[in-house]
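Q: Attaching a single structure in structure tokens format; questions to follow.
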Amino acid sequence: MPNIIEKSLKELQEEFKNLGLPAFRAKQVYKWIHHKLTFSFDEMTDLPKELRDRLKEQYSIETLRVKHKTKAKDGTVKYLFELADGKAIESVFIKTKDDRKTVCLSTQVGCPLDCLFCATGKLGFNRNLTAAEIISQAYLIANEHPDISNLVYMGMGEPFLNYDNVMRSVAIFTSDEGANFGQRRITISTCGLADKIKEFAEEKTQVRLAVSLNSADDALRGKLMPVNRKFPLTVLRQSLEYYSKTSNRMVTLEYVMLDGVNDREADLKKLINFCRGLDCKVNLIRFNRFGHDFRPSRVEAIDHFVKGLLGAQINAVVRRSRGEAIGAACGQLALRPVEGLAGKTSN
Ligand code: SF4
């Protein structure tokens, strides 16, 4: 049975027409789901009972099950969701001091790309999420934390390996008749699939793009991120130039700083060369430990990178990653419950 959560309004209107139902009914149902975040036909009280029963025969309205929640002292909440087939994913709610409320969404069960510094990559790949599963993460979290201000596709998985479902979820989040979420408040983060970056450049959208760069040296990046062997830096750089030219938008380059690995003077020089002439901003991110392979860079090394980039007229900021204590920070999502923490809750 198709899940009604991932239907666009246009699709619903067409399907309702084929069922002999008036178009305004489709709008009503769409609003219940995407505006009022209601996931039961029985709660759609302005629909006649016969219609509700008919919809139950035609569609499912299935969301995810919250299996576990872990709350950090900084307000970050990590959600472990169970999918209908028993698989699990994680999503994160992050509240920052400037009152931003961000939901970090997963797009795959596991991830096939095996970046060396990422806990999700260690899980291997299981399957892509459906658009309904992506949308449900945001809506279930929004039901507990209203007024979500930002959505970031930076959780488990590579969003551009699940391109169609990701773009379908974006279209539904941003539709006027539904959640009406601002396009500029959504960011999709890729590890650098150059072909998909070009495809994304062609989309008529203001959704932001972030690229997980982490090194501007082919040999090192190839070790840290095996995907670099398929899309080396020159190819990635060309796709980003194409993106800027075609979409007129800036790209954010994410750079996770690893002590003694990618934070040396030579690494800074290569990063500056990569960024020169590109419409970009660099986010320097302190590494969140999950094992023993890498250590986070020292504060002085991070400061040196910021100064070096700013001195070369390249926009750069240090991004504080939240939720580290509960394994909810960048690159830490690995389906592990974290025991013994204050504020932990469990469903
Ligand atoms: S960093 Fe992203 S692309 Fe790389 S393994 Fe982790 S989830 Fe996959």
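Q: Just to be sure I understand, how many residues within region 171-204 are away from the ligand (no atom under 16 Å from the Cβ), open to solvent by 10 Å² or more (accessible area, probe 1.4 Å) and of a type outside the set (A, V, I, L, M)?
A: 15
Q: Name the residues in region 227-243 that are more than 20 Å from the chain's Cα centre (by Cα) and either closer than 15 Å to residue 117 by Cα or open to solvent by 20 Å² or more (accessible area, probe 1.4 Å) (or both), would you?
A: 228, 229, 230, 231, 232, 234, 235, 237, 238, 241, 242
Q: Could you check how many residues of region 81-109 are away from the ligand (no atom under 16 Å from the Cβ), under 18 Å from residue 132 (Cβ atoms) and not hydrophobic (A, V, I, L, M, F, W, C)?
A: Qualifying residue count, region 81-109: 3.
Q: May I ask you to list the residues in region 1-28 that are closer than 12 Å to residue 177 by Cβ and open to solvent by less than 30 Å² (accessible area, probe 1.4 Å)?
A: Matches in region 1-28: 9, 12, 26.
The rows are residues; the columns are (1) in contact with a helix residue (DSSP H, G or I) (Cβ under 6 Å, 6 or more places away or on another chain); (2) open to solvent by less than 80 Å² (accessible area, probe 1.4 Å); (3) within 16 Å of the ligand (Cβ to nearest atom); (4) of a type in the set (Ser, Thr, Tyr).
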residue	(1), (2), (3), (4)
220	no, yes, yes, no
225	no, yes, yes, no
245	no, no, no, no
266	no, yes, no, no
280	no, yes, no, no
283	no, yes, yes, no
293	no, no, yes, no
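Q: Any residue at all in region 115-131 that's within 16 Å of the chain's Cα centre (by Cα) and away from the ligand (no atom under 16 Å from the Cβ)?
A: Scanning region 115-131 turns up at least one residue that is within 16 Å of the chain's Cα centre (by Cα) and away from the ligand (no atom under 16 Å from the Cβ).
Q: Let me ask you something else. Looking only at residues in region 29-64 that are assigned to a helix (DSSP H, G or I) and open to solvent by less than 40 Å² (accessible area, probe 1.4 Å), which one is nearest to residue 172 (Cα to Cα)?
A: Among them, the one singled out is 34.
Q: Can you report the number of residues in region 120-166 which are open to solvent by less than 10 Å² (accessible area, probe 1.4 Å) and either on the phi > 0 side of the Ramachandran plot or in a loop (DSSP other than H, G, I, E, B) (or both)?
A: Qualifying residue count for the region: 3.
The values are calculated or read from the model by the stated rules, or taken from the named source; none is laboratory data. Just so it is clear, the structure is predicted and the values come from calculations on it, not from any experiment. Cβ atoms come from the backbone with ideal geometry, glycine included; neighbour counts cover every protein chain shown. When the accessible area is computed, the model is the full protein with side chains, heavy atoms only, and any ligands, DNA or RNA have been set aside. Shrake-Rupley method; radii C 1.70, N 1.55, O 1.52, S 1.80 Å.
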